[in-house]
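K.L.:
Below you'll find the structure I mean.
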Amino acid sequence: MDPMDIIGKSKEDASLPKATMTKIIKEMLPPDVRVARDAQDLLIECCVEFINLLSSESNEVCSRGEKRTIAPEHVLKALEVLGFGEYIEEVYAAYEQHKIETMHDSLKGGKWSNGAEMTEEEALAEQQRMFAEARARMNGEAIASKQPDADQSLES
């Protein structure tokens, strides 16, 4: 199947976030250049079509290699097949940078980490405190403290 056959046929409501795309467009242009809304919409549509085309060709490359998962090398080969070979080096560099940033994020705990490491015991204690808080809320009880009360066991 020719990738060009797919374009325009599966018109799902696939789009890109306008705010993000507008930011990218503005970052690429000199500050004194304005872009009409229609031109922004057209650029976004072109990006969506390019992604569809590249995805389709990447899938073809993947299938020819008897693989079931599209890998970065399939995308790079698809760029070459589609006539965008001059961008492969830059795309590969961006991919490598993304891998480094992703690895760095995962090593520092990802987006949910506040940088402070917890021991397993601290995490368990925090989980128990949160469960107790949730139970208290469900039972309509007032929550006395955010910290577990070490003296509770002495009062019983």
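K.L.:
Expected output is a single nm value to one decimal: the length gained when fully extending between residue 119 and residue 84, i.e. 0.36 nm times separation in residues minus the C-alpha distance. What is it?
P.N.:
On the way: separation 35, 0.36 × 35 = 12.60 nm, distance 4.96 nm.
So the extension gain works out to 7.6 nm.
K.L.:
With a sphere of radius 14 Å drawn around the Cβ of residue 33, what net charge do the other residues whose Cβ falls strictly inside it have (Lys, Arg +1; Asp, Glu -1)?
P.N.:
So the environment of residue 33 carries a net charge of 0.
FYI, it's all coordinate maths here, none of it is from the lab. Fair warning: this is a prediction, and the values are worked out from it, not measured in the lab. Cβ: placed from backbone, ideal geometry, glycine included. Neighbour counts: every protein chain shown.
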